[in-house]
């Protein structure tokens, strides 16, 4: 942080996945072309009933506005979807239109959200998050469509990235192989075929945090190639929550995204 000169790391852990980093590289190196559309979804079903009434710890605080703030589902998992889209594509939100719903009777915060997004530069997007999608577990997924190719990554199958073309068969890229980008190789621990996923993604962020802390303690400048979510991502996420909630309360009104 600028004033304290301390390292601040935010655990948007899904960006620690190797194939998420590979997806970002394919956007950066021009394989995808100019991005036209982004579809990112995070459906869960674990709050499809009034679970917080049973004193289930995780449900209790997530649905309590005194502890979790102005949003439920959108704050809990919608922010992960937003961050994943921004990390892979590098695109910032220009404006959005949100429709939040509380389906479970007695619940104090939203448990489902549907958002239309206009990105700076002209790309359009759809962001859907839900905790009443009964039968789904943690089905975070993203599809990016450009002028040259499309990308698809699913959190429940983190070792694979699907690359899609209009004039040839789709490709399935897998973690641990020699064709993976240098940044992906950097965060790969074990050979192909041995799965890495959720916990390793956390570990990858922690490794980068430790590199930053090590430099800070030594009085050296932070490495320029650090790859972890920062306080800026947290501030952006809070602005996202605020704008979504405001849009929904105004009847799904299109709102400009604030400067952060």
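Derivation of every value follows stated rules applied to the coordinates shown; laboratory data play no part. The shown structure was predicted, so the numbers you read here are calculated from the model rather than taken from an experiment. Note that each Cβ is placed from the backbone with ideal geometry, even for glycine, and that neighbours are counted across all protein chains shown.
Multiply the residue separation of residue 253 and residue 138 by 0.36 nm, subtract the distance between their alpha-carbon atoms, and state the gained length in nm to one decimal. Don't jump to the answer; show the numbers that get you there.
On the way: separation 115, 0.36 × 115 = 41.40 nm, distance 2.89 nm.
Gain in length upon complete extension: 38.5 nm.
How would you order 93-103, 37-47 from highest to lowest mean count of nearby Cβ atoms within 10 Å?
On the way: 93-103: 18.2, 37-47: 21.3.
In decreasing order of mean packing, 93-103, 37-47 become 37-47, 93-103.
The order of the peptides 218-230, 67-79 by mean Cβ neighbours within 10 Å, most packed first, is 67-79, 218-230.
Between 0 and 90 degrees, the angle of helix 198-217 with respect to the longest Cα principal axis of the chain falls at about 70 degrees.
What number, in percent, do you get for the relative contact order of region 122-201 if the mean sequence gap of Cα pairs under 8 Å and at least 6 apart is divided by its residue count?
17
Here the chain carries DSSP beta bridges of which approximately 85% are antiparallel, counting only pairs with both residues inside.
Each peptide in 205-215, 50-60 was scored by the mean count of other Cβ atoms within 10 Å over its residues; highest first, the order is 205-215, 50-60.
Given a cut-off of under 8 Å on Cα pairs at least six residues apart, what relative contact order in percent is computed for the chain? Computed over the chain, the figure is 28 percent. Rg and Dmax of the chain, both derived from C-alpha coordinates alone, stand at 18.8, 54 Å.
Using r as the Cβ-Cβ distance of residue 53 and residue 114, and R0 as 30 Å, what FRET efficiency do you calculate, to the nearest 0.05? Mind showing how you got there, number by number?
Details: r = 26 Å, r/R0 = 0.86.
According to the calculation, E is roughly 0.70.
Between 0 and 90 degrees, the angle of helix 79-89 with respect to the longest Cα principal axis of the chain falls at about 30 degrees.
Helix 231-249 and the longest principal axis of the C-alpha atoms of the chain enclose an angle of approximately 30°.
Per residue of the chain, the DSSP helices (runs of n ≥ 4 H) give a summed -39500 (n - 2.57) that works out to -9000 deg cm²/dmol at 222 nm.
Using r as the Cβ-Cβ distance of residue 225 and residue 126, and R0 as 35 Å, what FRET efficiency do you calculate, to the nearest 0.05? Efficiency, from the Cβ-Cβ distance: 0.60.
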